[in-house]
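Visitor: Starting off with a structure, shown below.
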Amino acid sequence: ANTTIGLLGESGSGKTTFVDLLIGILNPVRGEIKVDEKDISSNLRKWQNNIGYIPQFIYLIDDTIKKNIAFGLNEEIIDIGKMENALEVSQMKNFVETLPKKIETKVGEFGVRLSGGQRQRIAIARAIMKNPSILILDEATSALDTESERLVQEALDTLMADRTVLVIAHRLSTIKSADMIVVMEKGQIIETGKHSELYKMNGTYR
């Protein structure tokens, strides 16, 4: 709990399948996934309510910024104060303030009216609204330009504080600050350790 774990491996190594099992999208064919000695399948919805997931490619509905940040919440229970905080932490507030309709601005189909960095920051704001104890990041900055990546990473650093975090990566350098790194290959865990330990063992993880 309250540590950052990096999940490292090439495409096809099993990272996404592992996360799908952890979230409960897939059910294990054999074995169990336990948290505090309890199988997550015994109360899957409660387990999933603890999780915030920020994928590489963000799904946005053709609606307002407000509706996309509060995705899944009923209109009458949206806390505007929490949303303003989410916009500030995700570094979207200054951008939203420049828009004539502010949070009521439509993003277009799949967020076409926003840049890649802005879509990622909406996903971060969405996670902040949920206030999860567990955060899963799937290559959340890999598709961004340098400036957008910097802003998104700053927002992520704030969001990651005092949470249990799982970061999926292809390169060791992107998760060098993780408390522990798990290396996967062909569906198996082949190594674990800190960045410095793994780099010394195998310089190809860069």
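The values are calculated or read from the model by the stated rules, or taken from the named source; none is laboratory data. Bear in mind the structure is a predicted one, so any value in this text is a computation, not a measurement. Cβ: placed from backbone, ideal geometry, glycine included. Neighbour counts: every protein chain shown. Accessible surface is based on the protein model in full, side chains and every heavy atom, while ligands, DNA and RNA are left aside. Shrake-Rupley method; radii C 1.70, N 1.55, O 1.52, S 1.80 Å.
Visitor: Counting Lys and Arg as +1 and Asp and Glu as -1, what is the net charge of the other residues whose Cβ lies under 13 Å from the Cβ of G9?
Guide: Taking every other residue near G9 into account, the sum is -2.
Visitor: Local charge sum around V167 (other residues, Cβ-Cβ under 11 Å, Lys/Arg +1, Asp/Glu -1)?
Guide: Taking every Cβ under 11 Å from that of V167, the sum is -1.
Visitor: For segment 122-136, in order, what is each residue's ³J(HN,Hα) by Karplus, 6.51 cos²θ - 1.76 cosθ + 1.60 with θ = phi - 60°, in whole Hz (x at glycine and Pro)?
Guide: For segment 122-136, the Karplus curve yields 5, 5, 5, 4, 4, 5, 5, 4, 6, 6, x, 7, 10, 10, 10 Hz.
Visitor: Okay, moving on. Find the accessible area per residue for segment 1-60; the probe is 1.4 Å, ligands and nucleic acids are left out, and the unit is Å².
Guide: Numbers: 3980 Å² over 60 residues.
Counting only protein heavy atoms, the per-residue value for segment 1-60 is 66 Å².
Visitor: May I pose another question? Taking the Cα-to-Cβ direction at R113 and at I80 and moving 7 Å from each Cα, how far apart do the two end points lie in nm?
Guide: It is 2.0 nm.
Visitor: For T4, enumerate residues with amide H under 5 Å from its amide H, sequence gap 5+ or separate chain, H modeled in the peptide plane.
Guide: Excluding prolines and chain starts, which carry no amide H, the hits are V165, D179, M180.
Visitor: How much net charge surrounds F71 when only the other residues with a Cβ under 11 Å from the Cβ of F71 are counted, with Lys and Arg +1 and Asp and Glu -1?
Guide: +3
Visitor: For the chain, what does -39500 (n - 2.57) per DSSP helix run (n ≥ 4), summed and divided by total residues, give at 222 nm, in deg cm²/dmol to the nearest 500?
Guide: Mean residue ellipticity at 222 nm (helix-derived): -9500 deg cm²/dmol.
Visitor: On to the next question. For a quick check, take a GNM of the chain with Cα springs below 10 Å and name the residue from E147, E139, E37 with the largest mean-square fluctuation.
Guide: E37
Visitor: Over segment 1-148, what relative contact order in percent results from Cα pairs under 8 Å that are six or more residues apart?
Guide: 32 percent
Visitor: Given a Förster radius of 22 Å and the C-beta distance between S133 and S42 as r, what FRET efficiency does 1/(1 + (r/R0)^6) yield to the nearest 0.05?
Guide: On the way: r = 18 Å, r/R0 = 0.82.
After rounding to 0.05, the efficiency reads 0.75.
Visitor: Which whole-Hz ³J(HN,Hα) couplings does segment 47-62 yield from phi under the Karplus relation 6.51 cos²θ - 1.76 cosθ + 1.60, θ = phi - 60°, glycine and proline marked x?
Guide: 4, 5, 5, 7, 10, x, 10, 10, x, 5, 10, 8, 8, 10, 8, 7
Visitor: Using modelled amide H (1.01 Å from N, peptide plane; none on Pro or chain starts), what sits under 5 Å from the amide H of I136, excluding residues fewer than 5 places away?
Guide: Placed amide hydrogens put G52, Y53, I54, L166 under 5 Å from I136.
Visitor: Non-local amide H neighbours of G9 (under 5 Å, H modeled in plane, Pro and chain starts lacking H): which ones?
Guide: Long-range HN contacts for G9: A169, M184.
Visitor: Would you indicate which of [x] 17; [y] 37; [z] 23 is the value of percent of Cα pairs over 31 Å apart derived from the coordinates of this structure?
Guide: [z]
Visitor: Still on this model: Mind checking which aspartates and glutamates have their Cα closer than 18 Å to the Cα of K34? Skip sequence neighbours fewer than 8 apart in that chain.
Guide: Cα-Cα hits under 18 Å: D20.
Visitor: Among the aspartates and glutamates, which fall within straight-line cross-link reach of K82, defined as a Cα-Cα distance under 20 Å, with same-chain neighbours fewer than 8 residues apart omitted?
Guide: The reachable aspartates and glutamates, counting only those whose Cα sits under 20 Å from K82, are D63, E97, E104, E154, D157, D162.
Visitor: What full-extension length gain, to one decimal in nm, is calculated for E147 and D62 as 0.36 nm per residue of separation minus the Cα-Cα distance? Don't skip to the answer; put the middle values down first.
Guide: Working: separation 85, 0.36 × 85 = 30.60 nm, distance 2.60 nm.
Using 0.36 nm per residue and subtracting the Cα-Cα distance, I get 28.0 nm.
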